[in-house]
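Any read-out appearing in this document is the output of simple, stated calculations on the displayed coordinates, not a laboratory observation. Just so we're clear, the structure is a prediction, and the values are computed from it rather than from any experiment. Reconstructed Cβ throughout: ideal geometry from the backbone, glycine too, with neighbour counts over all protein chains shown.
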Amino acid sequence: MNTKPFNDRLFDFLEQTPTSFHTGHVLEALFGHAGYTVLDDRSAWILEPGGRYVIKRNDGAVIAFHTGDMDFAGQGFRMTGAHTDSPGLKIKPCPDIRSSTFYQLAVEVYGGPILSTWFDRELALAGRVSWVAEENGIPTLTSALTDLEKPMVVIPSLAIHLDRDVNNGKSINRQNDLPPIVFLEKEPGFSFRVFMTDHLKSRGCTIPDPEGLDFDLFLYDPQKPALTGLTGDFITAGRLDNRVSCFCAAAAMIDSRTDLPALFIANDHEEVGSVSTSGAGGNFLLSVLRRLCPEPEQLARAVSRSFFVSADNAHGIHPNHKDRYEPAHAPLLNQGPVLKFNANQRYATDSRSAAALRYLAGKAEVRLQDYVVRSDMTCGSTIGPATAAATGILTVDTGIPMLAMHSIRETAGSLDAALFARLLETHMKTLIY
């Protein structure tokens, strides 16, 4: 199977998406280039049969949809959802720290990253900056994306000579150990807020006052994705969780050219619980569905016929830690996507949604693997349960297997993303009654 063309597109996507805001921007552009009309929440929508549309909320969430023949009550919607955010380190609002001539940045932990992987790496900075600008006396809330692509900071480890227990399960203090060093301050007075204001002004932004500037900025590893392994079996990259699913689902929606009513959903803030205006626990999806189906009766019938595929990466078996996996439920890399089950509904899969996905996998000629967490371990979650609870739509949780989930650099199989996209494309074109 030649996956190089697909993986080349995936790598390009990964390089362009250091934050959830950039992911939303790139996804909107991908759909726009594919002929989808960009909608605005604040304007009236005039939708037509066979129309293709895309809308973005709060920069980090995107919904694209195809209306088909607009028989929503009779056909429901084929839906695939993923999340745009990844665990990491976020810059605090007043970040300036000075210590022993070092200038540092105060950071807080976003989600659940493997913190040890963030040390001794060249890190860049990206995200969104916001301010209110006045034009003709009218105040307008304005935002701009920024990406300081060059390595800007580093979080140095303490030398082993000064910490002899470093290899014996050392804990990391989030307040004291994580502030990165930026430069050696020769003269006091540097202000991060002023620096960001000047940076944006140099790129044509009109910002009246640094004190009116606010930001959602994150550190990230700018190292490029790579095909890894002696025979190219692996993909290693930052933010595979869950940018891979975003790309696979978007590519499937675009490439399928489905005639059925279908939606692609990319939510933000899954890594911190999904409770936000742009998270799966918010009303973004429902607000779109209500505009598509303004009559409650129509919406209820459409929901009852819809199928939602929650796409998020799964835990592939680690060869050094096979005891951490449930026997017969330990997915292998490059052996196809994973069906994810949990009795406590941390995943939304049940027998009906699992059977539907197995049918689709058969049509797509894609092998499925099963994953259940060990009974003596706890399980993570996805946007699946939140979406199912908010909408009542039949939902399944699935994704490609990977290693080192939530590390600054993760590993997946080089075949699995293309196989997953094929499965999702089949889903978009198939109506299951």
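Quick notes on this structure:
- Cα gyration tensor, the chain - rounded (a/c under 1.5), prolate or oblate: oblate
- Net charge of Cβ neighbours under 12 Å - reference Ala328; Lys, Arg +1; Asp, Glu -1: -1
- The range 70-96 versus the range 369-433: alpha-carbon centroid distance in Å: 14 Å
- Distance between the C-alpha centres of the range 1-26 and the range 284-339: 21 Å, rounded to the whole angstrom.
- Shape category assigned to the range 366-429 from the gyration tensor of Cα positions, a/c cut at 1.5: oblate
- Listed values for the range 107-115 are Karplus-derived 3J(HN,Hα) couplings in whole Hz (6.51 cos²θ - 1.76 cosθ + 1.60, θ = phi - 60°), namely 10, 10, 7, 9, x, x, x, 7, 5, and x replaces Gly and Pro.
- Which of Tyr371, Tyr359, Tyr347 has the fewest Cβ neighbours within 10 Å, and the rest in rising order: Tyr359, Tyr371, Tyr347
- Each Cα pair of the range 226-287 feeds into the Kirkwood radius, which the Stokes-Einstein equation turns, at 37 °C and 0.692 mPa s, into a diffusion coefficient of 234 µm²/s.
- Per-residue [θ]222 nm for the chain (sum of -39500 (n - 2.57) over DSSP H runs n ≥ 4, rounded to 500): -8000 deg cm²/dmol
- Per-residue Karplus couplings for the range 188-201, computed as 6.51 cos²θ - 1.76 cosθ + 1.60 with θ equal to phi - 60°, are listed in order as x, x, 5, 10, 4, 4, 5, 4, 5, 4, 4, 4, 6, 4 Hz, Gly and Pro entered as x.
- With the charge dipole of the chain set up from +1 on Lys and Arg Cβ and -1 on Asp and Glu Cβ about the Cα centre, the Cα lying farthest toward the positive end among the listed residues Asn58, Phe195, Leu286 is that of Leu286.
- Residue exposure proxy: Ile138, Ile400, Ile317, Ile91, ordered by other Cβ atoms within 10 angstrom of their Cβ from fewest to most, comes out as Ile138, Ile317, Ile91, Ile400.
- The H on the amide N of Gly51, modeled in the peptide plane, is under 5 Å from the matching H of Thr67, Gly68, each at least 5 residues off or on a different chain.
- Pairwise centroid distance, computed over Cα atoms, of the range 155-189 with the range 100-145, Å: 20 Å
- For the range 1-153: rounded, prolate or oblate by the Cα gyration tensor [a/c cutoff 1.5]: oblate
- Selection of trypsin sites (Lys or Arg not before Pro), the range 20-86, meeting DSSP coil and at most 11 other Cβ within 10 Å: Arg42
- Cβ crowding within 10 Å, taken as a proxy for footprinting-reagent exposure, orders Leu27, Leu403 from fewest neighbours to most as Leu403, Leu27.
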